[in-house]
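Asks: Pasting a structure below so you can have a look.
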Amino acid sequence: HAEPDCDLASFAPDSPEQQACIEPVRDLDGFNWGYDPWHFTTPEGSYAVDADGGARVAEFRTMVGALHATGLQVVLDQVFNHTAASGQDAKSVLDRVVPGYYHRLSATGTVETSTCCQNLATEHTMMEKLMVDSVVTWARDYKVDGFRFDLMGHHSTANMAAVRAALDALTERKEGVDGSKVYLYGESWNFGEVADNARFEQATQGQLGGTGIGTFSDRLRDAVRGGGPFDEDPRIQGFGSGGYTDPNGAPVNGSEADQLGRVQHAADLVRLGLAGNLREFSFLAADGEVRSGAELDYNGQPAGYADSPDEVITYVDAHDNETLFDSLTLKLPTDTSMADRVRMNTVSLATTALSQTPSFWHAGADLLRSKSLDRNSYNSGDWFNVLDFSKATNGFGRGLPPAGDNEAKWPFQQPLLADAALAPSSSDIRKATANAQDLLRLRFSTDLFRLGSAELIEEKVTFPGSGPDAQPGVVVMHVDDTVGRDVDRKVDGVLVVFNASPEAVTVPVDGLVGERYALSSVQAKGSDAVVKGSRWDAAAGTASVPARTVAVFVDAQRGGHGGHHPKPPRGWCRFAV
């Protein structure tokens, strides 16, 4: 175990010294969340106090049982797209068993490496069997509740269907687990030698309809954050980072007309994401046309691609790329106050917390977590990956991040890291955490945020005020429980106003004049004093919401939730294996 040979804390917050000091030991220290699978069906030894023999198995099973006892569920990362080595390397297992079979080869016989490492050929029968048998073992013998597949687009739809079928065959009576309840999802990006179905039908976005297998959606992510993860200039603004309504002045954002067009389209992508990113869901888009999800554009592709909401994972923050806090730091105007940065963090998280799909949060998103602007921290050590649950620090200003993936962006990063006003205090972090916990309480305060089927979403969810005349930086969502099958007997509906703009707004909601809406008890009794200033005017049918605020109004015709203040929900606990 190697340690950097310097006093990292002694260097300036924008210094290149920290990254230079950790560089010689990055491959030797104890930190690396890169995926180097070796034995797919053996618990990772780093989870065990005693990693020798069967002790690690016992410890892992005990861990899962203890997490279940606290109300958490456990999801494992599964990496069947590559191994760390092939051929006769000491860490090569499969290729030494059957040379040339388990790995995907190019036309010249070399192992493909588009995933970064030695790609596996799960299209081959026995490699698929290894994949299926391993997943079944984890579910049956370790009682794992779900699986996330790394670079799932490098597997075929047939691979994933085989995994799904094998899990569905597990029963409580025979195996002690209902395999049909085990959730599957993954990174369904389309690239490499398999791209565009070159070798098989890939498990990518839009090609898993009807399977119930989830895919990470970059649509809402990019719409909220602004731009994309590979932008040369990271200052492109989006719905959650001040696009048009709070311009940062960077030339990359274009003219005022460009900014308006971008944020209006981003708002449409947010609306679609809130409605499950369904291909058939329709609403009035910014161009004045009623468009289905499949007709809405996302970088030349259909924005909507799912047949059911469980086929989409909605997120604004994950382990890859800059954290949400760091993204906002790069994109919001530099003089934005920390109080407003906390509010924009909450607004951004709300777009996934209140969506109809499963909601995915990166560890520390509720803590304003920073990686000192590092965009690829898998091997950046504990120094840049700090996650401080004490809330004393969020990790911002720990030096310029490692040169390899960041040096081209150092000119953007350095002045920000040097600005002490951009480092939140402990009270700022605590405020962000309390706001985030209220979002979770809101999500589970009514089943109307989790309708569970495309049919119910298309029946009940609308977006009043959308279209070419929509207020920039504002999205209004109505979930009407007076139509179709009754979902929540306590309320007639919920009305949500996402105001990402720096000004208070009053929005008319057609058709709700006279309805008796009121601010949700979660927010009325919650941590944020600002949202308590939100008002519903029944006579006018308007909702008034403060700047940089998400307000949830509940129709109390059936008595509302009264004093009901739900506890934070059961959650997923994700581990890499």
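The values are calculated or read from the model by the stated rules, or taken from the named source; none is laboratory data. What you see is a predicted model; the values in this text were computed from it and never measured. In this analysis, Cβ positions are derived from the backbone assuming ideal geometry, glycine residues included, and neighbour counts consider all displayed protein chains. The area values use the complete protein model at the heavy-atom level, side chains included, leaving out ligands, DNA and RNA. Shrake-Rupley method; radii C 1.70, N 1.55, O 1.52, S 1.80 Å.
Asks: Please work out if Thr334 is in contact with a helix residue (DSSP H, G or I) (Cβ under 8 Å, 6 or more places away or on another chain), surrounded by 24 or more Cβ atoms within 10 Å (Cβ to Cβ), under 23 Å from Asn253 (Cα atoms) and among the β-branched types (Val, Ile, Thr).
Replies: Numbers: in contact with a helix residue (DSSP H, G or I) (Cβ under 8 Å, 6 or more places away or on another chain): yes; surrounded by 24 or more Cβ atoms within 10 Å (Cβ to Cβ): no; under 23 Å from Asn253 (Cα atoms): yes; among the β-branched types (Val, Ile, Thr): yes.
For Thr334, the condition - in contact with a helix residue (DSSP H, G or I) (Cβ under 8 Å, 6 or more places away or on another chain), surrounded by 24 or more Cβ atoms within 10 Å (Cβ to Cβ), under 23 Å from Asn253 (Cα atoms) and among the β-branched types (Val, Ile, Thr) - is not met.
Asks: Given the options Leu448, Leu440, name the one that is on the phi < 0 side of the Ramachandran plot, out of contact with any helix residue (DSSP H, G or I) (no Cβ under 7 Å at 6 or more places or on another chain) and either in a helix (DSSP H, G or I) or not basic (Lys, Arg) (or both). Don't jump to the end; show me each part of the working.
Replies: Working: Leu440 fails: out of contact with any helix residue (DSSP H, G or I) (no Cβ under 7 Å at 6 or more places or on another chain).
None of the other options fit; the residue is Leu448.
Asks: Now a separate question. Looking at (1) touching a Leu at 6+ places or on another chain (Cβ under 8 Å); (2) part of a loop (DSSP other than H, G, I, E, B); (3) open to solvent by 70 Å² or more (accessible area, probe 1.4 Å), which one does Pro99 not meet, given that it meets all the others?
Replies: (1)
Asks: Does any residue in region 412-434 that is free of Cβ contacts under 8 Å to residues at least 12 places away in the same chain come within less than 9 Å, Cβ to Cβ, of a residue that is surrounded by 15 or more Cβ atoms within 10 Å (Cβ to Cβ) and part of a helix (DSSP H, G or I) six or more places away or on a different chain, and which pairs are these?
Replies: none
Asks: Filtering region 192-221 down to residues that are among the hydrophobic types (A, V, I, L, M, F, W, C) and over 21 Å from Tyr315 (Cα atoms), which residue is surrounded by the most Cβ atoms within 10 Å (Cβ to Cβ)?
Replies: Out of the qualifying residues, it is Val194.
Asks: On the basis of being surrounded by fewer than 14 Cβ atoms within 10 Å (Cβ to Cβ), touching a helix residue (DSSP H, G or I) at 6+ places or on another chain (Cβ under 8 Å), in a helix (DSSP H, G or I) and at pLDDT 95 or above, does Ala421 make the cut? Don't jump to the end; show me each part of the working.
Replies: Working: surrounded by fewer than 14 Cβ atoms within 10 Å (Cβ to Cβ): yes; touching a helix residue (DSSP H, G or I) at 6+ places or on another chain (Cβ under 8 Å): yes; in a helix (DSSP H, G or I): yes; at pLDDT 95 or above: yes.
Criteria met by Ala421.
Asks: Looking at the structure I just gave you, is Ala84 among the hydrophobic types (A, V, I, L, M, F, W, C), within 22 Å of Pro43 (Cα to Cα) and open to solvent by 30 Å² or more (accessible area, probe 1.4 Å)?
Replies: Numbers: among the hydrophobic types (A, V, I, L, M, F, W, C): yes; within 22 Å of Pro43 (Cα to Cα): yes; open to solvent by 30 Å² or more (accessible area, probe 1.4 Å): yes.
Spelling it out, Ala84 is indeed among the hydrophobic types (A, V, I, L, M, F, W, C), within 22 Å of Pro43 (Cα to Cα) and open to solvent by 30 Å² or more (accessible area, probe 1.4 Å).
Asks: Separate question: Go through (1) outside any loop (DSSP other than H, G, I, E, B); (2) without any contact (Cβ under 8 Å) to a residue 24 or more places away in the chain for Asp5 and report which single condition fails.
Replies: (1)
Asks: Checking Thr323 against (1) within 24 Å of Asp480 (Cα to Cα); (2) of a type in the set (Ser, Thr, Tyr); (3) in contact with an Asp or Glu (Cβ under 8 Å, 6 or more places away or on another chain): exactly one of these is not met. Which one?
Replies: Only one criterion is unmet by Thr323, namely (1).
Asks: Continuing with the same structure: With the structure loaded, tell me whether Arg140 is open to solvent by less than 20 Å² (accessible area, probe 1.4 Å), at pLDDT 95 or above and touching a Gly at 6+ places or on another chain (Cβ under 9 Å) or whether it fails that test.
Replies: Details: open to solvent by less than 20 Å² (accessible area, probe 1.4 Å): no; at pLDDT 95 or above: yes; touching a Gly at 6+ places or on another chain (Cβ under 9 Å): yes.
For Arg140, the condition - open to solvent by less than 20 Å² (accessible area, probe 1.4 Å), at pLDDT 95 or above and touching a Gly at 6+ places or on another chain (Cβ under 9 Å) - is not met.
Asks: Inside region 212-246, can you point out the residues that are β-branched (Val, Ile, Thr) and either in contact with a Phe, Trp or Tyr (Cβ under 7 Å, 6 or more places away or on another chain) or in a helix (DSSP H, G or I) (or both)? Walk me through it before giving the result.
Replies: Here is the first cut: in region 212-246, the ones β-branched (Val, Ile, Thr) are 213, 215, 224, 236, 245.
Passing the criteria: Ile213, Thr215, Val224.
Asks: Can you report the number of residues in region 441-473 which are among the hydrophobic types (A, V, I, L, M, F, W, C) and open to solvent by 50 Å² or more (accessible area, probe 1.4 Å)?
Replies: In the first step, residues of region 441-473 are kept if they are among the hydrophobic types (A, V, I, L, M, F, W, C); the result is 442, 444, 448-449, 451, 454, 456-457, 461, 463, 470.
Checking which are open to solvent by 50 Å² or more (accessible area, probe 1.4 Å) leaves us with 444.
Final tally of qualifying residues: 1.
Asks: Oh, and also: Answer yes if at least one residue in region 239-250 is under 19 Å from Glu458 (Cα atoms) and open to solvent by 10 Å² or more (accessible area, probe 1.4 Å), and no otherwise.
Replies: Taking region 239-250 and keeping what is under 19 Å from Glu458 (Cα atoms), we get none.
No: region 239-250 contains no residue that is under 19 Å from Glu458 (Cα atoms) and open to solvent by 10 Å² or more (accessible area, probe 1.4 Å).
Asks: Taking the stated definitions as given, is Val476 closer than 18 Å to Thr352 by Cα, open to solvent by less than 40 Å² (accessible area, probe 1.4 Å) and part of a helix (DSSP H, G or I)?
Replies: Values: closer than 18 Å to Thr352 by Cα: yes; open to solvent by less than 40 Å² (accessible area, probe 1.4 Å): yes; part of a helix (DSSP H, G or I): no.
When the stated conditions are applied, Val476 does not pass them.
Asks: Scan region 311-323 for residues that are crowded, with 24+ Cβ neighbours inside 10 Å and either over 15 Å from Gly273 (Cβ atoms) or of a type in the set (Asp, Glu) (or both) and report the count.
Replies: 4
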